[in-house]
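Values in this text are rule-based calculations from the coordinates and carry no lab data. Everything numeric in this text was worked out from a predicted model, so none of it was measured. No Cβ is skipped: glycine too gets one built from the backbone with ideal geometry, and neighbour counts run over all protein chains shown.
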Amino acid sequence: MPEFYMYWISTALLSVLYFASAAIYVTKRDWVRQVLAELGYTAPFLIPFMIVIKILGPVAILSRVSVPLSELAYAGIFFHLLLSGLAHIGIRKPAGALPAAIGLALLVASFMTQNDARDMPSPYVQAAAL
């Protein structure tokens, strides 16, 4: 039973983190562009793309329309958070990596407990637990 609550709390907090980040990308576009430039990313299409990804990833996990799509969203969020944290560490601003570290912890908790809270089990959770 604690795994059930751990899944929903970690998934909800991860979703809030991503939705809040998407909202910041929409409302503070110039500041986001400046931060991305500091990280070495100047691609003009990156911000709209990241807004869409930061919304669709959590939606895929929360809705769980299909297990493979949900697993793909977990993988995408994992790599996004990992690369985001490393980008901040790479420019010697480890405080900027804190949201990514928190997100990774929430993501792992959500992924590892998803079979305890969902009717359609993920075949990858048992493999990860071994």
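Numerical summary
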| quantity | calculated |
| --- | --- |
| Principal-axis tilt of helix 2-27 within the chain, Cα atoms, nearest 10 degrees | 20 |
| Degrees, to the nearest 10: 67-90 long Cα axis against longest axis of the chain | 40 |
| The chain: angle of helix 29-38 to the longest principal axis, Cα-based, in degrees nearest 10 | 80 |
| Förster radius 25 Å - calculated FRET efficiency between residue 30 and residue 98 (Cβ-Cβ, nearest 0.05) | 0.65 |
| Debye log10 I(q)/I(0) at q = 0.12, 0.21 Å⁻¹ for the chain, Cα point scatterers | -0.48, -1.24 |
| Value of relative contact order over the chain, rounded to a whole percent, pairs C-alpha under 8 Å and six or more apart | 34 |
| Among 101-108, 29-36, the order from most to least packed when residues are scored by Cβ within 10 Å on average | 101-108, 29-36 |
